[in-house]
Amino acid sequence: MLDILRRLIQEVNLANNLEQALNIIVKRVKHVIKVDVCSVFLINDDDKEYVLMATDGLNPNAVGKVRMSEGVGLVSLVGKRAEAINIADAIKNPRYQHFPEVSEESFHGFLGVPIIQHRKVLGVLVVQSRAIQKFSEDDETFLITVAAQLAAAIVHAEASGGISGLKQRKEKKKNEIKPINGLPGAPGVAMGTAVVMYPPADIDAIPDRHITKIKKEIKRFDLAVDAVAKDITELSERLKDVLPEEDRALFDVYLLMLNSQAISGITRERIKEGNWAPGALRQTIQEHEKVFLEMEDSYLRERADDVRDLGRRILMHLQNESQDKINFPENTVLIGEDISASMLAEVPSDKLIGVISVRGSRTSHVAILARAMSISAVMGATDLPVGRVDGLTIIADGYSGRVFVSPSKKIIAEFQNLIDEEAALSDDLMELRDLPAKTEDGIEISLLVNSGLLSDITPSLQSGAEGIGLYRTEFPFMERQTFPSEEEQRSIYRQVLESFHPRPVTLRTLDVGGDKALPYFPIEEDNPFLGWRGIRITLDHPEIFLVQVRAMIRASIDLDNLKILLPMISDIGELNEALGLIHQVYGELLEEGEKVVMPEIGVMIEVPSAVYQAGNLARRVDFLSIGTNDLTQYLLAVDRNNPRVASLYDALHPAVIRAILQVVESARVHNKPVSVCGEMAGDPVAALLLLAMDIDSLSMSVSSLPRVKWVIRNTTRERARQILSEVLLLEEASSIRKYLNQTFEDAGMGGLVRAGN
Ligand code: PEP
Ligand code: MG
């Protein structure tokens with residue numbers, strides 16, 4: 001059964017549009033459970049009607065025509081109850097609704113199961129039989145399993161269908177395309193041209209791309225095919241002594257397949273039709289894979305893997321000389337399955353206005369980088385058909401997380417208004433640049449920036465920040481082929497310290513692991529966020545830690561504006577060890593005759609154990625800095641990068657708020673200042689609460705700074721404290737956010753938390 005299910009899902013995932021996907025489902029399910037009818041009904045969101053979208057067994061002409069409003073018919077009852085309904089004789093059921101156009105008079109047995117995704121009923125999968133009979137438990141569990149697995153595939157196909165598929169064509173009533181929902185990643189609205197970037201040799205991630213130089217593209221493809229043929233022949237030669245002749249025959253099959261009309265020939269045809277070689281190749285490989293997957297014989301079915309392998313090999317050769325040749329248009333919106341920091345860096349910064357990633361969420365490092373670069377970002381856009389959007393006009397609304405593909409003129413005009421309003425708001429906010437972040441009742445709070453790239457130093461300086469509250473040193477480590485030398489590091493840190501002098505700069509020691517990998521220091525773990533990360537790595541490798549701390553302290557000679565911050569401390573022993581190493585470096589530098597000054601040392605509070613030991617930690621150091629990104633992740637047990645659980649991730653959760661209050665209280669006992677450097681600090685509504693909690697400084701992405709300053713300057717601490725006391729009565733993050741957003745709207749500050757005035 002598992003095998004059948006796996007094949008079915010693979011096939012559905014390969015479908016080109018919703019219509020094809022649904023037809024595969026009904027055909028296969030009908031065949032597998034040997035029923036007389038299988039149909040899919042989907043809810044039409046506009047009219048809340050269940051529409052027959054595909055059937056094998058009922059009158060095919062009824063597709064798109066049979067519609068049931070909520071409360072009518074058995075299908076809608078399945079949807080309403082969100083559970084399976086299994087009835088021996090549906091016709092006798094009082095809820096039964098007769099539709100003359102479907103000719104279903106002779107079907108009695110009825111089993112309907114809901115298709116649900118993210119708690120929302122999308123539709124109903126139905127099987128029917130001529131016989132008066134209840135379906136077996138096995139049939140029921142199979143159908144439930146199919147429906148659960150297919151929901152995501154249907155949403156995906158529907159999203160592509162939204163652009164070119166059935167639902168769009170059948171429901172011409174409204175030709176406005178629905179937005180695709182992702183997660184807010186970085187504020188702002190980006191309207192521009194989609195440029196899809198894909199990881200090397202990932203066939204499914206390749207987009208279609210229109211080309212005009214056909215001959216050149218065919219030549220490029222032929223060269224890649226020749227190169228693969230050469231690789232295969234060499235591989236076969238190399239294995240001569242280890243593999244018997246008959247096993248090496250596989251390579252001959254590969255060569256035959258490679259040069260066949262079915263693979264090379266058809267791909268060439270597709271290039272002639274104007275698709276670029278990688279896109280044409282993807283279509284061919286997927287088509288073949290589908291044919292093999294449909295075969296009953298398991299040996300032949302496995303040949304699908306060979307086809308894919310061949311495709312991957314050709315693609316690798318094509319990519320060797322193509323990926324870096326993307327011609328980035330003005331207003332590029334970068335799109336990909338999993339956009340990485342290095343992909344972002346490949347786009348010239350004057351062309352890049354936004355990013356959309358299928359994976360990740362607000363606290364993924366790409367989103368953090370996007371905020372540092374002041375471009376908008378939508379993360380976790382799981383339903384975006386990445387392969388089909390390259391070159392299209394696209395809107396990424398980084399406030400709400402919505403994406404519009406090929407928007408209508410009306411939508412474009414609406415968003416252009418929002419973009420204009422936003423630009424005007426930014427101009428107003430920039431006027432605050434040189435004014436202090438002081439409340440109306442005279443309380444001042446330091447606003448600092450988070451940084452990690454040399455390129456964001458200039459905007460940070462221009463933003464009017466009072467210093468750098470968090471410099472993520474891992475970014476310069478990520479851009480290299482090996483660990484940077486002490487001198488390389490010193491020179492980078494020196495530039496940062498110098499540009500901000502005399503303002504303070506907090507350099508954090510290396511925080512890799514989790515979702516931040518170094519290409520030259522791979523870490524393979526099942527549970528990376530609970531594994532070897534941050535200070536745990538650097539204490540295990542004191543040679544890396546000592547060099548980094550030496551570089552930091554030497555970089556600050558004669559400037560003396562350095563603070564050092566230690567990430568991921570979860571235990572007092574770790575802090576003691578790290579302090580020991582820092583003092584060792586300091587002593588050695590003094591011995592060497594360097595004019596060094598001992599910097600202030602701080603600890604990041606980002607795991608629950610550190611919250612409960614904040615007092616013990618504060619006693620040993622000069623300051624605490626709360627990393628709310630990780631603190632939220634670890635307190636709520638919600639992966640900060642996983643879009644599936646992103647709705648559970650909110651730094652405004654009562655548990656996070658109470659943890660911060662506890663840290664502040666513990667630090668006060670030892671008279672130590674507390675800052676917040678997670679993304680929460682840059683969220684205008686959260687900043688108001690942090691002000692009320694007596695946090696000393698807030699460190700945030702440069703793009704968030706003007707908004708937060710505006711909030712601080714337009715409130716009093718008294719007012720903020722009243723709001724905090726209301727918030728402390730609320731029990732859920734969603735009600736806290738709703739309450740704060742409403743408070744902002746009532747105060748005429750809604751423009752700070754959403755697009756438009
Ligand atoms: C945090 O965890 O809040 C933080 C600031 O560190 P990072 O986002 O780099 O993990
Ligand atoms: Mg962190």
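If I filter the range 715-724 for residues that are open to solvent by 10 Å² or more (accessible area, probe 1.4 Å), in contact with a Lys or Arg (Cβ under 8 Å, 6 or more places away or on another chain) and either in contact (Cβ under 8 Å) with a residue 60 or more places away in the chain or not in a strand (DSSP E or B) (or both), do I get at least one hit?
Scanning the range 715-724 turns up no residue that is open to solvent by 10 Å² or more (accessible area, probe 1.4 Å), in contact with a Lys or Arg (Cβ under 8 Å, 6 or more places away or on another chain) and either in contact (Cβ under 8 Å) with a residue 60 or more places away in the chain or not in a strand (DSSP E or B) (or both).
Do we have Gly627 as more than 30 Å from Gln117 (Cβ to Cβ), surrounded by 16 or more Cβ atoms within 10 Å (Cβ to Cβ) and touching a Ser or Thr at 6+ places or on another chain (Cβ under 6 Å) here?
no
Among the residues of the range 686-707, write down those that are at pLDDT 95 or above and in a helix (DSSP H, G or I).
Ala686, Ala687, Leu688, Leu689, Leu690, Leu691, Ala692
Give the residue that is nearest to ligand 1 (Cβ to nearest atom), with candidates limited to residues of the range 617-642 that are β-branched (Val, Ile, Thr) and part of a helix (DSSP H, G or I).
Top of the filtered list is Thr628.
Given the conditions (1) away from ligand 2 (no atom under 16 Å from the Cβ); (2) farther than 16 Å from Asp694 by Cα; (3) open to solvent by 10 Å² or more (accessible area, probe 1.4 Å); (4) touching a helix residue (DSSP H, G or I) at 6+ places or on another chain (Cβ under 6 Å), which single one is not true for Leu652?
Result: Leu652 passes all but (3).
Does Leu661 fit the bill of being in a helix (DSSP H, G or I), more than 16 Å from ligand 2 (Cβ to nearest atom) and surrounded by fewer than 21 Cβ atoms within 10 Å (Cβ to Cβ)? Give the derivation first.
Values: in a helix (DSSP H, G or I): yes; more than 16 Å from ligand 2 (Cβ to nearest atom): yes; surrounded by fewer than 21 Cβ atoms within 10 Å (Cβ to Cβ): yes.
Spelling it out, Leu661 is indeed in a helix (DSSP H, G or I), more than 16 Å from ligand 2 (Cβ to nearest atom) and surrounded by fewer than 21 Cβ atoms within 10 Å (Cβ to Cβ).
Looking only at the range 421-463, how many residues end up being within 27 Å of the chain's Cα centre (by Cα) and surrounded by fewer than 17 Cβ atoms within 10 Å (Cβ to Cβ)?
Selection size over the range 421-463: 4.
Going through Arg494, Arg536, Arg480 one at a time, which residue ends up being in a loop (DSSP other than H, G, I, E, B) and open to solvent by 10 Å² or more (accessible area, probe 1.4 Å)?
Arg480
Considering only residues that are under 17 Å from Asp204 (Cβ atoms) and of a type in the set (Ser, Thr, Tyr), look in the range 349-401 and name the one that is surrounded by the fewest Cβ atoms within 10 Å (Cβ to Cβ).
In this case the residue turns out to be Thr382.
Can you pull out every residue in the range 187-209 that is farther than 17 Å from Pro329 by Cα and either open to solvent by 10 Å² or more (accessible area, probe 1.4 Å) or at pLDDT 90 or above (or both)?
Pro187, Val189, Pro199, Pro200, Ala201, Asp202, Asp204
Please state which of the following conditions Asn671 fails to meet, knowing it meets all the rest: (1) of a type outside the set (D, E, K, R); (2) within 16 Å of ligand 2 (Cβ to nearest atom); (3) not in a helix (DSSP H, G or I).
Result: Asn671 passes all but (2).
For the range 176-197, enumerate the residues that are of a type in the set (A, V, I, L, M), over 15 Å from the mean Cα position of the chain (by Cα) and farther than 19 Å from Gly682 by Cβ.
Matches in the range 176-197: Ile177, Met191, Ala194, Val195.
Provide a single number: the residues in the range 691-714 that are under 27 Å from the mean Cα position of the chain (by Cα) and more than 19 Å from Ala367 (Cα to Cα).
Total meeting the criteria: 0.
Given the structure, is Ala646 at negative phi, within 11 Å of ligand 1 (Cβ to nearest atom) and open to solvent by 10 Å² or more (accessible area, probe 1.4 Å)?
Values: at negative phi: yes; within 11 Å of ligand 1 (Cβ to nearest atom): no; open to solvent by 10 Å² or more (accessible area, probe 1.4 Å): yes.
Here the answer is no, as Ala646 does not meet what is asked.
Identify all residues within the range 584-606 that are away from ligand 2 (no atom under 16 Å from the Cβ) and part of a strand (DSSP E or B); write none if there are none.
Selection gives Glu600, Ile601.
Which one of Glu474, Glu487 is within 16 Å of ligand 2 (Cβ to nearest atom), on the phi < 0 side of the Ramachandran plot and surrounded by fewer than 24 Cβ atoms within 10 Å (Cβ to Cβ)?
Criteria check complete, one pass: Glu474.
Within the range 525-533, is even one residue farther than 16 Å from Arg472 by Cβ, within 16 Å of ligand 2 (Cβ to nearest atom) and small (Gly, Ala, Ser)?
Yes, that holds for at least one residue.
Give all pairs with beta carbons closer than 7 Å in which a residue from the range 575-596 that is among the basic types (Lys, Arg) meets a residue that is part of a loop (DSSP other than H, G, I, E, B); count only pairs at least 6 apart in sequence or on separate chains.
Close Cβ pairs satisfying both conditions: Lys595/Ile557; Lys595/Asp558.
Name the pairs: first residue in the range 479-490 and within 13 Å of Met552 (Cα to Cα), second residue surrounded by 12 or more Cβ atoms within 10 Å (Cβ to Cβ) and small (Gly, Ala, Ser), Cβ to Cβ under 7 Å, at least 6 apart or on different chains?
Glu486/Ala551; Gln489/Ala551; Arg490/Ala551; Arg490/Ala555
Taking the residues in the range 219-229 that are open to solvent by 30 Å² or more (accessible area, probe 1.4 Å) and without any contact (Cβ under 8 Å) to a residue 60 or more places away in the chain as candidates, determine which candidate is farthest from Asp309 (Cα to Cα).
The selected residue is Lys219.
Please enumerate the residues belonging to the range 83-102 that are surrounded by 13 or more Cβ atoms within 10 Å (Cβ to Cβ) and either without any contact (Cβ under 8 Å) to a residue 12 or more places away in the chain or of a type in the set (Gly, Ala, Ser) (or both).
Within the range 83-102, Ala84, Ala88, Ala90 qualify.
How many residues are surrounded by 14 or more Cβ atoms within 10 Å (Cβ to Cβ), of a type outside the set (S, T, N, Q) and either under 30 Å from the mean Cα position of the chain (by Cα) or not in a loop (DSSP other than H, G, I, E, B) (or both) when one looks only at the range 497-531?
The qualifying residues number 20.
Being modelled with pLDDT of 95 or more and touching a Phe, Trp or Tyr at 6+ places or on another chain (Cβ under 9 Å) is the filter here, so list the residues in the range 669-684 that pass it. Before you say what the answer is, go through the steps one by one.
Kept after step one, since they are modelled with pLDDT of 95 or more, are these residues of the range 669-684: 669-677, 680-681.
Matches in the range 669-684: Lys672, Pro673, Val674, Ser675.
Need at least 2 residues that are among the hydrophobic types (A, V, I, L, M, F, W, C) and in contact with a Ser or Thr (Cβ under 9 Å, 6 or more places away or on another chain) per element, so show me which helices (runs of 4 or more DSSP H) inside the range 1-111 make the cut, counting only ones lying wholly within it.
The qualifying helices (runs of 4 or more DSSP H) are 18-32.
The values are calculated or read from the model by the stated rules, or taken from the named source; none is laboratory data. None of these values were measured; they are calculated from a predicted model. For neighbour counting, all protein chains shown are included, and Cβ atoms are generated from backbone atoms with ideal geometry for every residue, glycine included. Heavy atoms of the whole protein, side chains included, go into the accessibility calculation; ligands, DNA and RNA do not. Shrake-Rupley method; radii C 1.70, N 1.55, O 1.52, S 1.80 Å.
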